[in-house]
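A short worksheet on the structure shown next.
Where a number appears in this text, it was derived from the coordinates with a stated rule and is not lab data. Just so it is clear, the structure is predicted and the values come from calculations on it, not from any experiment. Here the Cβ positions follow ideal geometry from the backbone for every residue, glycine too, while neighbour counts run over all protein chains shown.
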Amino acid sequence: MLTEIEQHIGWQRSMIDAHNASLPNVADQAIQERRARLLVQSQRAESLGIPIRRRDDAPKTYAVATARRAVMSTPPPATTAQFKPEPVWAVEQYEHALKVMQDMALVMERSPDAFRSMDEEALRQHFLVQLNGQFEGKASGETFNMSGKTDILLREGDRNVFISECKFWKGPKAYGDAIDQLLSYATWRDSKAAILVFNRGTETSTVLKGIDAATQAHKNFKRAVDWAHESGFRYILHSNEDVNREMTVTVLVFHVPK
């Protein structure tokens with residue numbers, strides 16, 4: 001009887017030793033699977049977006065627009081780094097805001113006398129009114145706000161999600177300074193921006209050539225984007241701190257009556 005007990009204990013001991021030896025691998029596999037699930041959940045959490053939407057009562061005075069929209073964001077994918085969502089503005093909303101601003105060109109053409117004496121700040125105010133007429137945020141008041149004398153910002157918390165710089169064309173150097181200004185504002189990965197160039201008295205073709213040459217010569221230039229537009233361009237620039245942090249910049253040129 002004692003011999004049989006010792007024999008069974010020996011069998012159990014060998015199985016226990018084998019089980020104990022496998023524990024490190026089992027634990028590592030469980031950790032990796034849990035980690036993968038958490039990263040997927042983090043990515044899903046990021047997709048909630050910025051709660052800004054188009055207004056239902058959006059006016060159609062300056063633009064042939066659809067209902068006033070929500071500004072939704074699409075945060076970047078989760079990485080192996082500690083999870084920290086960085087929402088960005090959805091491309092569809094970015095394109096709509098650009099369309100609202102582009103339609104201001106028609107307003108200038110149809111009412112030239114109203115714009116002859118306007119400076120950058122006054123022109124910026126007209127664009128701001130139209131943008132706030134099409135978008136609304138999670139709180140009452142203006143969704144797009146002014147900063148300084150020439151900027152239009154869409155902010156989420158203490159971050160800039162969309163930036164628009166409004167400048168009269170004063171040559172390539174001044175235009176390069178506007179790019180630097182945009183980059184100083186950019187704090188989100190995949191930020192979206194626009195430069196509104198007001199041209200009063202210079203041949204449009206000269207302005208367009210100057211913009212393209214100055215942008216591609218800029219130290220933060222990464223690439224041009226195929227974007228069909230007769231009076232504008234689209235580029236990808238990188239931040240000053242990290243070449244992998246990219247900003248989409250759309251440049252629009254507006255003829256301002258003189």
Worksheet item: Counting Lys +1, Arg +1, Asp -1, Glu -1, what net charge surrounds residue 198 among other residues with beta carbon under 13 Å of its beta carbon?
Response: +2
Fill in: Amide H within-cut-off set for residue 195, under 5 Å, with H built and near neighbours excluded
165, 250, 251, 252
Discussion item. Just want the ordering: 89, 169, 227, from fewest to most Cβ atoms lying within 10 Å of their own Cβ.
Written reply: 227, 169, 89
Response to the item:
When 33, 120 are arranged by how many other beta-carbons sit within 10 Å of their Cβ, fewest first, they go 33, 120
Discussion item. Taking amide H atoms as placed 1.01 Å from N in the peptide plane, list the residues 5 or more away in sequence, or in a different chain, whose amide H sits under 5 Å from that of residue 90.
Written reply: 72, 73, 74
Discussion item. Set the bar at 20 Å for Cα to Cα. Now go through 99/173; 170/222; 170/209 and name every pair that lies beyond it.
Written reply: 99/173; 170/222
